[in-house]
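**Q** I have a structure here, written as structure tokens, and I will follow up with some questions on it.
Please treat every number below as a calculation from the coordinates, not as lab data. Because the structure is a prediction, the values reported are computed rather than measured. A quick note on method: Cβ atoms are made from the backbone with ideal geometry, for glycine too, and the neighbour counts reach across all protein chains shown.
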Amino acid sequence: MKLLTNLVFTFLIVSSGFAQTTDDWKLARNQEGVKIYLRSVKGLGTKEVLGFTQVHATLGALVSMVKDPENHHSWIYANKEAKFLKIISEIDWIYYNISEAPWPVRDRDLITHAKLEQDTDSYAVRIDSEGLPEYIPANKKLVRIARLKSTWVFTPKINGIIDIRFELSIDLGGDIPAWLVNFAIDKGPFNTLLNMAKVVSSDKYRNKVLPYIKEKTF
């Protein structure tokens, strides 16, 4: 079950018009500064995920983490391989990910097109991603994720705090029953957000500043 949980959340990194409030979401977990909400959507077998937490970091540190696929294994559960397929610009890229699954379930792979934008007033950074399942030929040993939409939002607050919000809608496909995914779907995001808070404060990312990301001063 733990490995299945990890598989579910591996795809949250690849950053869709989700609801902007939690009115239609149900709180599934609220521990250690992390809140996870779930909701059912008509026509989708698996539930959508909404998560919140806060970290003490710069916007540049968080964006650097997202754009460092070689280190995704340090904070994203079950990450087996991650790399860029194409860097279109600093704010536009195509990303490839393989997630390890428990035997006898086959590993999943995923291609996403991610775009980053920053609000000129709030300085919030938003990364939206959508699956590109046909971008490269499928590997017969893997199950290709056919549908994904995700959003990360990093909003700066006073005293160096960043509010983190993510939303995910995904169909893992293949041989994982929807009911089993839904049973574990809150646990993976919870643990990964905890790891995210730890890794962003490491020497590699702490106080990182990027020339194309503006940091808000209060």
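**Q** For labels at ILE161 and ARG147 in the simple 7 Å Cα→Cβ model, what's the distance in nm?
**A** About 3.7 nm separates the two model spin labels.
**Q** Moving on to the next point. List the extent of the Cα atoms of region 60-177 along each of their three principal axes, largest first, rounded to whole Å.
**A** 48, 27, 24
**Q** Also: Give, as ranges by residue number, the residues of region 62-76 whose backbone N falls under 19 Å from the point 7 Å along Cα→Cβ of SER201.
**A** 62-66, 74-76
**Q** Most exposed first by the Cβ proxy, i.e. fewest other Cβ within 10 Å, how do SER129, SER122, SER201 rank?
**A** Placing the least packed residue first, the sequence is SER122, SER201, SER129.
**Q** Follow-up question, since we're still on this one. Grab the Cα-Cα distance for LEU132 and LYS42, subtract it from 0.36 nm times how many residues apart they are, and report the gain in nm with one decimal.
**A** Here the answer is 30.1 nm.
**Q** Counting Lys and Arg as +1 and Asp and Glu as -1, what is the net charge of the other residues whose Cβ lies under 10 Å from the Cβ of VAL200?
**A** +4
**Q** Right, here's the next one. Given a Förster distance of 25 Å, report the FRET efficiency between LYS26 and ASP119 from their Cβ-Cβ distance, rounded to the nearest 0.05.
**A** The pair LYS26/ASP119 has a calculated efficiency of 0.30.
**Q** In percent, what relative contact order does region 67-209 have, based on Cα pairs under 8 Å that are 6 or more apart in sequence?
**A** Relative contact order for region 67-209 comes out at 17 percent.
**Q** May I pose another question? Can you sort LYS198, LYS214 from fewest to most other Cβ atoms within 10 Å of each residue's own Cβ?
**A** LYS198, LYS214
**Q** While we're here: Can you check what the net charge comes to around PRO69, using other residues whose Cβ is under 10 Å from the Cβ of PRO69 (Lys, Arg +1; Asp, Glu -1)?
**A** So the surrounding residues net to -1.
**Q** Using Cα positions and a limit of under 25 Å, work out the lysines in reach of LYS80, with same-chain residues fewer than 8 apart set aside.
**A** LYS2, LYS47, LYS67, LYS115, LYS140, LYS141, LYS149, LYS187, LYS198, LYS204
**Q** Full-extension gain between GLU70 and LYS140, please, as 0.36 nm times their residue separation minus the C-alpha to C-alpha distance.
**A** So the extension gain works out to 22.8 nm.
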